[in-house]
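Throughout, read-outs are computed from the coordinates displayed, never taken from laboratory work. Nothing here was measured: the structure is a model prediction, and the numbers come from that model. Positions of Cβ are backbone-derived with ideal geometry, glycine not excepted, and every protein chain shown enters the neighbour counts.
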Amino acid sequence: MSAYYLEGPLSEADVTKLNIGDVVYLSGSAFTCRSRFQRYIFDENNKFPFDLGDRNILIHTGIIAIRENNKWKLVSFMPTSSIRFEKWGARSIEEWNLRLICGKTTMGPKTAEMMRKRKCVHISPHSVSPNLWIDSIQIEGVHLREELGSIEAPWLLKLDKLGPFVVDMDCKGNNLYDEVDKTVAINKQKAYSNLGISPEFEYTKLY
């Protein structure tokens, strides 16, 4: 496992050297998005509201910010679960020329395939520290706030050694959670055996 301090915009070389389990700190320009913004662009065929330029770091989050002295002040920041956005993952990488996606958990096979093809990685928070990260983030602007709401709107951010994050999907097709799932499956069967629970046990379905 290695630690990297990356500066956006990220190059292909920046991300191809990353392996699952590596620790990453981010600096440079980034932008945020959640489901409503992706639906607005991809499903409703609206025009992208700003020039991405060399901004190729995407963070799956809905920040909390207030207006103070004519400037935006960040109150809280925490990435949300990326698997929720698998529907648009591959397309966002391809059309927005992304090199890195930051969010909790992981993403699915279509996104993983596009990451291999276009050289992009996914990173997850190393901890839950929403207010410890505030000093590492500066708000540069926001778009579609009235249309989508503050949480779902895309915010433009400037990062300064934001982290730590762990690489959970690299651009070689590896997924950190695949190995975790194997370990969990083994330990679960051991626990079932010790507790006398049938291997066919299923959780109660509530719907």
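Brief remarks on what is shown
- Projecting the Cα atoms of Pro125, Asn45, Gln138 onto the dipole axis of region 3-176, where Lys and Arg carry +1 and Asp and Glu carry -1 at the beta carbon, places Asn45 farthest toward the positive end.
- Dipole magnitude for region 3-176: about 240 debye, using +1 per Lys or Arg Cβ and -1 per Asp or Glu Cβ, origin at the Cα centre.
- A protection proxy built from the mean count of other Cβ atoms within 10 Å ranks the segments 83-91, 176-184, most packed first, as 83-91, 176-184.
- Largest mean-square fluctuation among Gln38, Gln138, Gln189, in a Gaussian network model of the chain whose springs join Cα atoms under 10 Å apart, belongs to Gln189.
- Backbone N under 15 Å from the Met1 label point (7 Å along Cα→Cβ), restricted to region 128-169: 128, 164-169
- Amide H within-cut-off set for Val75, under 5 Å, with H built and near neighbours excluded: Ile64, Ala65, Ile66
- Placing R0 at 41 angstrom, the Cβ-Cβ distance between Asn46 and Thr183 gives a FRET efficiency of 0.45 after rounding to 0.05.
- If R0 is taken as 22 Å, the Cβ-Cβ distance between Ile64 and Thr105 corresponds to a FRET efficiency of 0.60.
- With both labels modelled 7 Å from their Cα along Cα-to-Cβ, the Ser198 to Leu132 distance reads 4.5 nm.
- Relative to the compact-globule estimate of 2.2 N^0.38 Å, the Cα radius of gyration of region 37-123 comes out at 1.18.
- DSSP bridge analysis restricted to region 3-176 gives an antiparallel fraction near 60%, rounded to the nearest 5.
- Taking amide H as placed 1.01 Å from N in the peptide plane, the amide H of Gly163 sits under 5 Å from that of Leu26, each at least 5 places away or on another chain.
- Within region 2-84, GluC sites (Glu not before Pro) in DSSP loop having at most 12 other beta-carbon neighbours inside 10 Å: Glu44
- Of all aspartates and glutamates in the structure, the ones whose alpha carbon falls short of 19 Å from that of Lys158, not counting any fewer than 8 places away in one chain, are Glu7, Asp14, Asp51, Asp54, Glu68, Asp135, Glu140.
- For region 57-87 and region 145-207, distance of Cα centres in Å: 20
- In range of the label at Glu147: residues from region 47-61 whose backbone nitrogen is under 11 Å from the point 7 Å along Cα→Cβ: 47-50
- Amide H contacts under 5 Å for Val142: Leu156, restricted to partners 5 or more places along the chain or on a different chain, H placed in the peptide plane at 1.01 Å from N.
- Charge-dipole axis of the chain as Lys and Arg at +1 and Asp and Glu at -1 on Cβ define it, positive-most pick from Phe31, Gly21, Leu195: Leu195
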